[in-house]
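Read the figures in this text as sums done on the coordinates, not as results from a lab. This is a predicted model, so every value here is computed, not measured. Here Cβ is always computed from backbone atoms with ideal geometry, including for glycine, and neighbour counts include all displayed protein chains.
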Amino acid sequence: MEAKKKFYQTDAFRMFMGKYGIGVVLVFMIVAIAIMKPRFIYPSNILNVLTQISVNCLIAYGMCLCITTGGIDLAVGSQLALVSVLLGQFIVLREMSLFPAIILSLAAATLFGFINGVLVAKFDMAAFVVTIATQLIIRSIAQIISDGKGMSLATPEFKAIYSGTLVGIPYPIIYMILISIVMYILMHWTKFGRYVFAVGGNVNAAIASGVNVFWTKTLCYTISGLLAGIAGVIFTSKTGSAQSNVGLAYETDAVAACVLGGTSFAGGISTAPGVLLGAIIIGCIYNGMNFLNIGSYYQYMTKGVIIIFAVLLDMVINKKNR
């Protein structure tokens with residue numbers, strides 16, 4: 001009887017941590033940092049953290065879709081760089097107006113996402129191999145187009161994409177909120193979202209149920225490319241410069257946000273709110289470490305430890321065999 005009671009307590013704890021563990025970690029971390037540095041919870045700093053995480057959050061949503069299907073997208077940082085370079089080419093050299101330049105740049109990132117999806121879904125190639133190869137190809141294309149040189153994009157109209165505000169809320173936060181709503185609906189309220197979880201949970205069962213695995217996987221990588229492109233527009237507006245060497249290791253931050261948010265590398269398990277909370281935690285860690293005057297080298301190490309811990313926690317909670 002005692003053993004049975006202990007089992008149910010353990011199972012209840014596992015379920016609680018699976019649903020709310022990320023929120024508990026976030027609250028605990030905010031309280032701990034705020035005790036040491038009260039300025040951490042000032043409204044101005046909270047807005048700053050949310051603004052800073054907007055790029056990573058957008059990339060993480062696309063990464064989440066790919067991981068949920070049992071894959072991964074390591075080309076997102078290069079897609080961001082390609083969009084940055086193309087914006088410089090279109091706006092500065094070709095003197096194109098802002099909207100068409102953004103649309104064409106996003107189309108390029110989306111196209112490469114589609115190519116990744118086709119290679120993974122149609123030819124059953126390992127997503128890790130495909131996306132690390134296209135990562136190199138896309139960044140090389142960006143460097144060839146730009147000749148490795150940066151280009152100023154500091155026009156007021158373009159800079160306003162990042163620096164503008166609406167009722168005191170920075171635009172990047174508004175973009176993040178809108179895309180978070182779209183991703184929540186897409187993942188949890190649509191047939192496509194159910195297909196994504198089905199493919200990641202058991203691809204054979206999904207096929208037997210009539211799920212089009214090819215288009216489900218392909219659309220996931222296509223959406224990932226589009227979101228990386230949008231992140232590239234925001235990032236380029238932030239820096240005011242089109243460069244081919246940006247976006248390095250951004251896929252690592254995206255993966256960290258996903259695994260912290262409960263996305264399982266075994267596939268079939270993820271939530272859109274979890275990804276958002278994961279991105280917020282990453283942002284709070286960086287911001288908090290800056291407040292505590294901890295060097296960037298330690299920040300990288302901390303991020304690596306966090307990823308390992310989150311994956312181990314996922315294995316314990318979900319009892320998945322990897």
Report the one residue of Val233, Leu50, Ile207 whose Cα lies farthest in the direction of the positive end of the charge dipole of the chain (charges on C-beta: Lys and Arg +1, Asp and Glu -1; origin at the Cα centre). Ile207
HN-Hα couplings for segment 160-176 via Karplus (6.51, -1.76, 1.60; θ = phi - 60°), in whole Hz with x for Gly/Pro, come out as 5, 4, 9, 8, x, 9, 10, 6, x, 9, x, 3, x, 5, 5, 4, 5
Provide Tyr221, Tyr300 in ascending order of the number of other Cβ atoms located within 10 Å of each residue's Cβ, fewest first. Tyr300, Tyr221
Is there a pair in Lys159/Lys303; Lys37/Lys303; Lys191/Lys238; Lys122/Lys191 whose C-alpha atoms are over 28 Å apart, and which pairs would that be? Lys159/Lys303; Lys191/Lys238
³J(HN,Hα), Karplus 6.51/-1.76/1.60, whole Hz, each residue of segment 242-247, x for Gly, Pro: 8, 9, 8, 9, 8, x
Rh (Kirkwood, all Cα-Cα pairs) for segment 163-214, Å, reads 13.0 Å
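With only Lys, Arg, Asp and Glu charged, each at its Cβ (+1 for the first two, -1 for the last two), find how big the charge dipole of the chain is about the Cα centre; round to the nearest 20 debye.
Dipole size: approximately 700 debye.
In nm, what is the difference between 0.36 nm times the number of residues separating Tyr297 and Leu178 and their Cα-Cα distance? Walk me through the numbers before you get to the answer.
Values: separation 119, 0.36 × 119 = 42.84 nm, distance 3.34 nm.
So the extension gain works out to 39.5 nm.
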Counting other beta carbons within 10 Å of each Cβ, put Val275, Val211, Val24 in order, fewest first. Val24, Val211, Val275
For Gly261, residues with placed amide H under 5 Å, excluding near neighbours: Gly278
Segment 69-108 scanned against label point 7 Å out from Ile132 along Cα→C-beta; backbone N under 16 Å for 71-78
Once you have a ≥ b ≥ c as the square roots of the Cα gyration tensor eigenvalues for the chain, tell me rounded if a/c is under 1.5, and otherwise prolate or oblate according to whether a/b is larger than b/c. oblate
Using amide H atoms built in the peptide plane, which far-off residues or other-chain residues are under 5 Å from Ser241 H to H? Leu153
Under the rule a/c < 1.5 gives rounded, and otherwise a/b versus b/c splits prolate from oblate, where does segment 143-295 land using the Cα gyration tensor? prolate
Residue separation times 0.36 nm, minus the C-alpha to C-alpha distance between Met289 and Leu104: what's the value? 62.8 nm
To the nearest µm²/s, what D does Stokes-Einstein give for segment 55-151 at 25 °C and 0.890 mPa s, using the Kirkwood radius over alpha carbon pairs as Rh? 175 µm²/s
